[in-house]
Amino acid sequence: MSNESWYQNEGWYEPLRRPEPAKPAPQEKKKKKTWPWVLGIMLLSLAIVIGLSLALREDAPEELFLPELQRPHSAERGDAEDRSDKSGSKKSDKPSYREFFDALYPADSTETVTVKIPRGTAEGNFRLELQSAEGGEMSLQQLYERCAPSVVGISGYVQGKIGYSWGSGVILSADGLIITNTHVIEGCDRATVKLYDDTEYEAVLIGADSISDIAVLKIEASGLPAAAFGDSTNLTVGQPVAAIGNPLGEEFRMTLTDGIISAISRDINYKGRTMTLMQTNAALNEGNSGGPLFNRHGQVIGITNMKMMSAESSIEGIGFAIPTSTVLTVVNGILRDGKVMGRVSIGITIGPIPDSAIADYDLPQGLYIASVSAGSDAAAKGLQIGDILTAVNGQAVTTTKEVADIKDQFGVGDELLFTIWREGETFEVSVALVDTNDVYG
């Protein structure tokens, strides 16, 4: 979560300025009675309020009254030309199902993430391992004392630009390997790592994966307090967790927030790609990105990377973290090859279909295909944006995790049998899996 924009709007840090109210000018006392004037002003004000209310109800744009803009309304019976409200004005047509999904799932981001930080290599044979939880749960005070030293601050700089990208990270190994989010250092030319004791180091890049949003940095240090990593597959909803990170800039470094696991698997669409993340109500803000989410045994069970926000309403307590089951595969791939190799991809972006859309548009249960990557076998076999994937190898699918679980049982070149719904017709097509790097770079 970059804070570069703060330097383009310095007022962000300033408290709300409330000017002193002007003192009313002294008035001469009048003996004339004023109650008729007061009554007249009150009646005039009431008339204005009523007039504005009526104007807003009839002329205000529809979105002022619709908090969920992406949810279509149920169609009324009859032709669109004949639909009208009681006042006689015609109602606008609802969007087509393709327009609905274009708004729900924006076009896939095909831009390759660029990180210009000098490259380094991971020496030795270190590999991330997930540990089972042992002993009793710690208090928050005990957890902070034990775990905070393994949390770091990440600063990313872009040559020729004022300001920097600020985020969090966690120490992976005693000799200086650091995990953070790829988006924290995206576009940066150099990065520094600040330890718990305020010591700061220049970092080199071991590897950055844009699909998982996981990056590994390296600093020249030894004897660092590496974090312990637990297994996210053993988590349950309601389990207590705590986040330690650096929200909103350096002034709030090493902030502890706590909460619970709100959901185990959430399919979150970000820049046209779907990520399966854990949901938590622990407070996360800009700057927490790349930091650890701990269980109460002091183990990292996720890397925080985003929160739900809205420009139209207040959203609190909906944050997300990359589960360590994903972190394990990505980090070890980066340490071994500098990038994740052999990760299979279908070459399509898919997303769940809301129940309201199924009812309103008479769609089948399944997953909406929001994009098809050029160079994939899916594109060669004619899959299209707007198709609905209803089954893989004969197994009905309604979540991206179900598709991923099937896909991950196979390797590059293996074929999956897709059942596709398109404009009322259903057909099957075999699609070969490809290496993720071949279609997403």
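The values are calculated or read from the model by the stated rules, or taken from the named source; none is laboratory data. Computed from a prediction, not measured in an experiment: that's the story for all the values here. FYI the Cβ positions are ideal-geometry reconstructions off the backbone, even for glycines, and counts take in every protein chain you see.
Structure notes:
- Residue in the stretch 124-134 that is under 17 Å from Thr324 (Cβ atoms) and among the acidic types (Asp, Glu) present: yes
- Flag for Gly163 being in contact (Cβ under 8 Å) with a residue 60 or more places away in the chain, outside the structural domain of Val372 (by TED's automatic domain parsing) and closer than 24 Å to Val241 by Cβ: no
- Subset of the stretch 124-179 (residues that are farther than 26 Å from Asn285 by Cα and not in a loop (DSSP other than H, G, I, E, B)): Gln131
- The residues of the stretch 234-253 that are in a loop (DSSP other than H, G, I, E, B) and surrounded by 15 or more Cβ atoms within 10 Å (Cβ to Cβ), listed by number, are Leu235, Gln239, Asn246, Pro247, Leu248, Gly249, Arg253.
- Arg119 modelled with pLDDT of 85 or more and either out of contact with any Asp or Glu (no Cβ under 9 Å at 6 or more places or on another chain) or exposed (fewer than 12 other Cβ atoms within 10 Å of the Cβ) (or both): yes
- Set Ile406, Ile358: member being without any contact (Cβ under 8 Å) to a residue 24 or more places away in the chain, over 24 Å from Ser325 (Cβ atoms) and part of a helix (DSSP H, G or I): Ile358
- Residues that are in a strand (DSSP E or B), in contact with a strand residue (DSSP E or B) (Cβ under 9 Å, 6 or more places away or on another chain), closer than 24 Å to Pro118 by Cβ and hydroxyl-bearing (Ser, Thr, Tyr) do occur in the stretch 201-216, at least one of them.
- Every residue from the stretch 398-438 that is among the β-branched types (Val, Ile, Thr) and at pLDDT 95 or above: Thr419, Ile420, Thr426, Val429, Val431
- Within the stretch 203-233, considering residues that are hydroxyl-bearing (Ser, Thr, Tyr) and crowded, with 17+ Cβ neighbours inside 10 Å, the one modelled with the lowest pLDDT: Ser210
- Flag if Ala404 is closer than 27 Å to Leu277 by Cβ and of a type in the set (Gly, Ala, Ser): yes
- Of all the residues in the stretch 180-193, those that are within 18 Å of the chain's Cα centre (by Cα), closer than 24 Å to Ala228 by Cβ and outside any loop (DSSP other than H, G, I, E, B) number 3.
- Positions within the stretch 157-179 being of a type in the set (Gly, Ala, Ser), buried (at least 16 other Cβ atoms within 10 Å of the Cβ) and more than 26 Å from the chain's Cα centre (by Cα), in sequence order: Ser173, Gly176
- Once the stretch 129-152 is narrowed to residues that are of a type in the set (Ser, Thr, Tyr) and touching a residue at least 12 places away in the same chain (Cβ under 8 Å), the residue that is nearest to Leu335 (Cα to Cα) is Ser150.
- Flag for Ser376 being out of contact with any Asp or Glu (no Cβ under 6 Å at 6 or more places or on another chain) and crowded, with 19+ Cβ neighbours inside 10 Å: yes
- Qualifying residue in the stretch 385-400 (condition: touching a residue at least 60 places away in the same chain (Cβ under 8 Å), surrounded by fewer than 18 Cβ atoms within 10 Å (Cβ to Cβ) and either farther than 30 Å from Glu99 by Cβ or in contact with a Phe, Trp or Tyr (Cβ under 7 Å, 6 or more places away or on another chain) (or both)): no
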